[in-house]
Amino acid sequence: MSNLKPGDPAIPFVLPGVDDRAYAFADYAAKAAVAVIFSCNHCPYVLAWEDRMIQIQADYADRGVQLIAINSNDAVRYPADSFEAMKRHAAAKGFNFPYLHDESQAIARAYGAVRTPEIYLFDADRVLRYHGAIDDEYDDPAAVREHYLIAALDAVLAGERPAISQTPPVGCTIKWK
């Protein structure tokens, strides 16, 4: 279960991105909301949701929202999740958000993340307002009934608390060392 609960403050980090820049959570202090998404290259759940992640970033960028994807998987046991493979994957998919490497797995452990993808949405004060899945249907975007992340984003941007603050994350387990 996640270490962070709705109402908890964000845990800061500095991690390398696929563009060879270092990214700090603090870099996004001016953003109205930041969604940290524990992700990877090979999980079929992540692959099914990636286009929606890209679309959410595109739709909400001008409203001050930033998605940040973090891969914490063990690249020794799962070479498809190596930093070099992350660079190729992000370029091939055209990611419009930072894709960061948590090689030590310290950030995933600090957050208490266990799945890919797993969402942590923080408001402007960097308080966790939503934790869980992107929506209720990973496999078929047309069948989605509950847009958990979008609903939480809309609430946070309106200065409100999301009606649903936590859902079970759905996806592959993080591949621990």
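Only the coordinates and a few stated rules stand behind these numbers; no lab work does. Please read all numbers here as calculations on a predicted model, not as lab measurements. So basically every Cβ, Gly included, is an ideal-geometry build from the backbone, and we count neighbours across all protein chains shown.
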Practice task
Compute all pairwise cysteine Cβ distances in the chain, then list the cysteines with no distance under 4.7 Å to another cysteine.
Solution key: Cys40
Practice task
May I ask for the angle, rounded to the nearest 10°, between helix 148-157 and the longest principal axis of the chain, with both axes built from Cα atoms and the value confined to 0 to 90°?
Solution key: 60
Handout entry: Dipole-positive endmost among Ala75, Ala143, Ala155 within the range 14-173 (Cβ charges, Cα centre)
Key = Ala75
Fill in the blank from the handout: If one compares the long axis through the Cα atoms of helix 44-60 with the longest principal axis of the Cα atoms of the chain, the angle in degrees, nearest 10, works out at 50
Exercise for the section: Express in whole angstrom the spacing between the alpha-carbon centres of the range 129-177 and the range 93-117. Expected result: 16
Practice task
With runs of 4+ DSSP H residues as the only contributors, calculate the mean residue ellipticity of the chain at 222 nm using -39,500 (n - 2.57) per run, divided by the residue total and rounded to the nearest 500.
Solution key: -7500 deg cm²/dmol
Fill in the blank from the handout: Checked against the structure, the computed P(r) over Cα pairs in 10 Å bins from 0, in percent among [x] 10, 32, 30, 19, 7, 2, 0; [y] 10, 43, 38, 8, 0; [z] 8, 29, 23, 23, 14, 3 is the one labelled [y]
Exercise for the section: Give the angle, between 0 and 90 degrees and rounded to the nearest 10, that separates the Cα long axis of helix 83-93 from the longest principal axis of the Cα atoms of the chain. Expected result: 50
Handout entry: 23 Å Cα-Cα reach of Lys5 towards lysines, excluding residues that sit fewer than 8 places from it in its own chain
Key = Lys31, Lys175
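Given Cβ point charges of +1 (Lys, Arg) and -1 (Asp, Glu) and nothing else, what value in debye, to the nearest 20, does the dipole of the chain about its Cα centre take? Each step should come with its number before you reach the end.
Details: 17 positive and 24 negative charges, 90 e Å.
My answer is approximately 440 debye.
For Val127, Val76, which order do you get if you count the other beta carbons within 10 Å of each Cβ and list the fewest first? List each step's numbers first, then the result.
Values: Val127 15, Val76 10.
Fewest to most other Cβ atoms nearby, the residues stand as Val76, Val127.
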Completion exercise
In whole percent, the Cα-Cα distances of the range 98-177 spread across 10 Å bins from 0 upward as 17, 44, 32, 6, 0
Practice task
Quick one: work out the % antiparallel among DSSP beta bridges in the range 14-173, nearest 5.
Solution key: 60
